[in-house]
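Encoded as structure tokens, the structure appears first; notes follow it.
Just so it is clear, none of the values below were taken in a lab; they were calculated from the coordinates. In this text the structure is predicted, and so the values were computed from the model without any measurement. Here Cβ is always computed from backbone atoms with ideal geometry, including for glycine, and neighbour counts include all displayed protein chains.
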């Protein structure tokens, strides 16, 4: 069946099987492979994308359920060649090692900062508690998000408009 | 790669439309709310519906209100709203206790109250919460609606009182004076299913417990409301001895199984200890001694 949504601001219209999961739709049909496909069981959180500004695990969401909504993937964080503060923070504070969990981590961080531009370390840890980093690099991930928070301006990327 | 078996998809536009679709499509159709219980079951081919009726557009089912001496919660209310609701926290702090330890914040953005109850997983937390609070479930069909007590809602594991042409639309919880409630859960790691959890609610009359309920999760069928516990609580004065006694009753009235989460003996011990703790906190809250 036909689905229509915006992904990173672009209108996308595609034919899908109803059973197509959002993560595979984004990666295989739309070709945005920045969204990673991990545990397939809604535990690891690397497949997180923003739907209407809120982080959602795309391995446990059907593409057809998102028709009519706004999706932001990790590719949508960078705007006109300028990295999002969260992305810059991950560079500055060594927020990634192997990089597999990074897209989900960064999108969850972006949604957190949109709602709360000055989160405590505890709040950051709570927000990313649905994401797993198997390099166990959590300390630097938290530091990266805090780095971004210190430079936060009230621009809500990916939030419902 | 886990992918559900093929199915046909319909998106409901209203409660009436959803029920009409369900009636037309029959027993092979399922409603899909947040999908965070149903889709994993479908990916494992443990559930194979021929039709999915998406009810995420039914904004009339997203609400938490106080009305007619009750708190009423729409079936599509998501975990996140249950966690953040000040109205719920004020009257039934058990909700916030439980929601803090259900899955993780991203999953809580999607999962719903109605979906959790209708999934009827014996390890699911909100069934114990709602049963402890003496909640009722409003079930609608094309011919009308009926109110089913939480204790009658679960027919068995993964089975509820909701019929093929019916829909759970709302949960109603009576507001009674001098109440306190609390939830205690032990899990292997943050966000996991419970090894065991215990929810308690009490209603005080002066220094005496007028009524009380305890619901357990993950320890077998028929534990979301344990009758002998309520019998022991009614008319009793709160004390450590009472909590111990009621904890032992709870442990005696559950039937956990040994699995990778623990042995029967360990789970029975947890049922006892967590019931003691949840009751102690529920009473303290009813007496205004603890938030």
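For chain B, the longest principal axis of the C-alpha atoms and the axis of helix B:264-286 are separated by about 80°.
For the protein assembly as shown, the 222 nm mean residue ellipticity estimated from helices alone, with every DSSP H stretch of n ≥ 4 adding -39500 (n - 2.57) and the total spread over all residues, rounds to -9000 deg cm²/dmol. When chain B is treated as a GNM with alpha-carbon contacts under 10 Å, the residue of B:115, B:144, B:180 showing the greatest mean-square fluctuation is B:144.
Between the C-alpha center of segment B:5-49 and that of segment A:81-148 there is a gap of 35 Å. For chain B, modelled as a Gaussian network with Cα springs under 10 Å, which listed residue fluctuates most, B:65, B:275, B:112? Highest fluctuation of the listed residues: B:65.
When the Kirkwood hydrodynamic radius is evaluated over all pairs of different C-alpha atoms of segment A:1-157, what value in angstrom, to one decimal, is obtained? Numbers along the way, then the final one.
Working: mean 1/r = 0.0643 Å⁻¹.
Kirkwood radius, segment A:1-157: 15.6 Å.
Considering only A:55, A:119, A:103, the mean-square fluctuation computed in a Gaussian network model of chain A, springs between alpha carbons under 10 angstrom, is largest for A:119. Computed extension gain for residue B:189 through residue B:90, at 0.36 nm per residue and net of the alpha carbon distance, reaches 32.8 nm.
In this calculation the C-beta distance from residue B:72 to residue B:252 is compared with R0 = 25 Å, giving a FRET efficiency of 0.10.
Simple spin-label estimate for residue B:44 and residue A:10 gives 3.7 nm between the two label positions (7 Å along the Cα-to-Cβ direction from each Cα). Using a simple spin-label model with pseudo-atoms 7 Å out from Cα toward Cβ, residue A:115 and residue B:178 lie 3.8 nm apart.
Divide, for the protein assembly as shown, the radius of gyration over alpha carbons by 2.2 N^0.38 Å, where N is the residue count.
The reported ratio for this selection is 1.01.
If a paramagnetic tag sat 7 Å from the Cα of residue B:141 along the Cα-Cβ line, which residues of segment B:151-167 would have the backbone N under 20 Å from that point? From segment B:151-167, the list is B:151-156, B:159-167. Computed extension gain for residue B:5 through residue B:264, at 0.36 nm per residue and net of the alpha carbon distance, reaches 89.7 nm. With an a/c value of 1.5 or above and a/b larger than b/c for the gyration tensor axes a ≥ b ≥ c computed over the alpha-carbon atoms, chain B is described as prolate. Rg ratio for segment B:64-174: its Cα radius of gyration over 2.2 N^0.38 Å, N being its residue count, equals 1.00.
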